[in-house]
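Colleague: Pasting in a structure now, in structure tokens, and then I'll have a few things to ask.
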Amino acid sequence: MLKIVVFISGRGSNLKAILSHIQDGSLKAEVCAVISDKPEAAGLELAKNAGVPAIVVPRLPKNRSLAEFNAELAATALNYSPDLVVLAGFMRVVTTEFLSAFPGRVVNIHPSLLPSFKGLHAQKQAVEAGVKFAGCTVHYVNEEVDSGGIIAQAVVPVLPNDSEDSLSQRILEKEHKLFPAVLQAFASGQITIGDTGDIQQETNSLVSLNLLVTA
Ligand code: GRF
């Protein structure tokens, strides 16, 4: 059973999708803990309702360094010995102090077809750029925001009258399929991570994963 710790900052709809795929048996994983930097994050309630420990690690006090904050995030997650650390709408920059605790084992979902539209308001960036296709990306996390190796992507059309909201909604529906599917690829051994954090993906299985979520 793949043990995961999920980091959130807000609504938690991706967490909800992960939990419901676990519940229906299509994702063979266990969410050991949900950690949020925001006490008011709605996703914390989802965790509690699923019987999962819901932990708040606040960024505050403001005078502590980003490095100290990241060390506390890592220490909190390490209590649960996760196989994989999942960032699902976690709105904080993670640093070496965090990443070195889980070499090659931190993944994130971003609402664009990376490497386009990194950072905040990716869907708005896509609408403003006039691109005809958008989507979401699950990728490994490194020290640069939204820049780690791409694991899988799902694509949606951008329609002529799309607003940021309508496009975000269309992408979100794909996120809720893509993220659990990628986590299941880890759970089933289609994607493996060596002890040193070196990553081996079975290319064929990921090709079919991408086709699945694009359909
Ligand atoms: C999603 O759009 C995700 O791609 C981005 O933040 C949002 C989180 O949404 N990283 P939710 O909290 O999972 O509903």
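Colleague: Ignoring everything but the protein chains, give the 1.4 Å probe accessible area of residue 13 in square angstrom, nearest 10.
Modeller: Near enough 20 Å² of accessible area.
Colleague: Taking Cα centroids, how far is segment 138-165 from segment 68-106 in Å?
Modeller: 21 Å
Colleague: Where a Cα-Cα gap under 20 Å defines reach, which lysines qualify for residue 62, not counting those fewer than 8 residues away within the same chain?
Modeller: Filter leaves 38.
Colleague: Mind checking the per residue accessible area of segment 1-152 for me, 1.4 Å probe, whole number of Å²?
Modeller: That works out to 45 Å² per residue.
Colleague: Please give the length that would be gained between residue 120 and residue 79 if that part of the chain were fully extended, namely 0.36 nm times their separation in residues minus their C-alpha to C-alpha distance (nm, one decimal).
Modeller: Between residue 120 and residue 79, full extension yields 11.7 nm more.
Colleague: Follow-up question, since we're still on this one. Along the charge dipole of the chain, which of 115, 187, 57 sits closest to the positive end, that is, farthest toward it, with unit charges on the beta carbon of Lys, Arg, Asp and Glu (+1, +1, -1, -1)?
Modeller: 57
Colleague: Accessible area, 1.4 Å probe, largest first: how do 86, 145 sort?
Modeller: Output order, biggest surface exposure first: 145, 86.
Colleague: Here is a follow-up. Straight-line reach only, C-alpha to C-alpha below 19 angstrom: list the lysines that residue 118 could link to, leaving out same-chain residues fewer than 8 apart.
Modeller: Partners within reach: 132, 174.
Colleague: Turning to a different aspect of this structure: Can you spot the lysines whose alpha carbon is less than 16 Å from residue 3's alpha carbon? Ignore those fewer than 8 places along the same chain.
Modeller: Leaving aside lysines fewer than 8 places away in the same chain, those within reach of residue 3 are 28.
Colleague: Further, regarding this structure: For segment 117-161, which GluC sites (Glu not before Pro) are in a loop by DSSP, counting at most 16 other Cβ atoms within 10 Å?
Modeller: Of the GluC sites (Glu not before Pro), the ones in loops of segment 117-161 whose Cβ has at most 16 other Cβ atoms within 10 Å are 143, 144.
Colleague: Order 165, 83 by their accessible area, 1.4 angstrom probe, all chains in place, largest first.
Modeller: The ordering from most to least exposed comes out as 165, 83.
Colleague: Which FRET efficiency value, to the nearest 0.05, is calculated for residue 3 and residue 188 with the Förster distance at 22 angstrom and r the Cβ-Cβ distance?
Modeller: Calculated transfer efficiency: 0.90.
Colleague: Ignoring everything except DSSP H segments at least 4 long, calculate the 222 nm mean residue ellipticity for the chain; use -39,500 (n - 2.57) per segment, divide by total residues, nearest 500.
Modeller: Counting only the DSSP helices, I get -11000 deg cm²/dmol.
Colleague: Could you check the spin-label model distance between residue 62 and residue 145? Points 7 Å from the Cα along Cα→Cβ, value in nm.
Modeller: Between residue 62 and residue 145, the label points sit 1.9 nm apart.
Colleague: Report the extension gain between residue 45 and residue 28 in nm, rounded to one decimal, defined as 0.36 nm multiplied by the number of residues separating them, less their alpha carbon distance.
Modeller: Stretched out fully, the residue 45 to residue 28 stretch lengthens by 3.9 nm.
Colleague: Pick out which of 75, 33, 88 has the largest mean-square fluctuation in a Gaussian network model of the chain, springs linking Cα atoms closer than 10 Å.
Modeller: Residue with maximal mean-square fluctuation among 75, 33, 88: 75.
Colleague: What part of the accessible area of the chain, given as a whole %, is carbon or sulfur when the probe is 1.4 angstrom?
Modeller: Ligands and nucleic acids excluded, carbon and sulfur reach 54 percent.
Colleague: Now a separate question. Give the residues of segment 99-127 whose amide nitrogen is closer than 16 Å to a point set 7 Å from the Cα of residue 159 in the direction of its Cβ.
Modeller: 127
The values are calculated or read from the model by the stated rules, or taken from the named source; none is laboratory data. Owing to the predicted nature of the structure, the values given are computational and were not obtained by experimental measurement. Every residue, glycine as well, gets a Cβ built from its backbone with ideal geometry; the counts of neighbours run over all protein chains shown. These area figures cover heavy atoms from the full protein model, side chains too; ligands, DNA and RNA do not enter into them. Shrake-Rupley method; radii C 1.70, N 1.55, O 1.52, S 1.80 Å.
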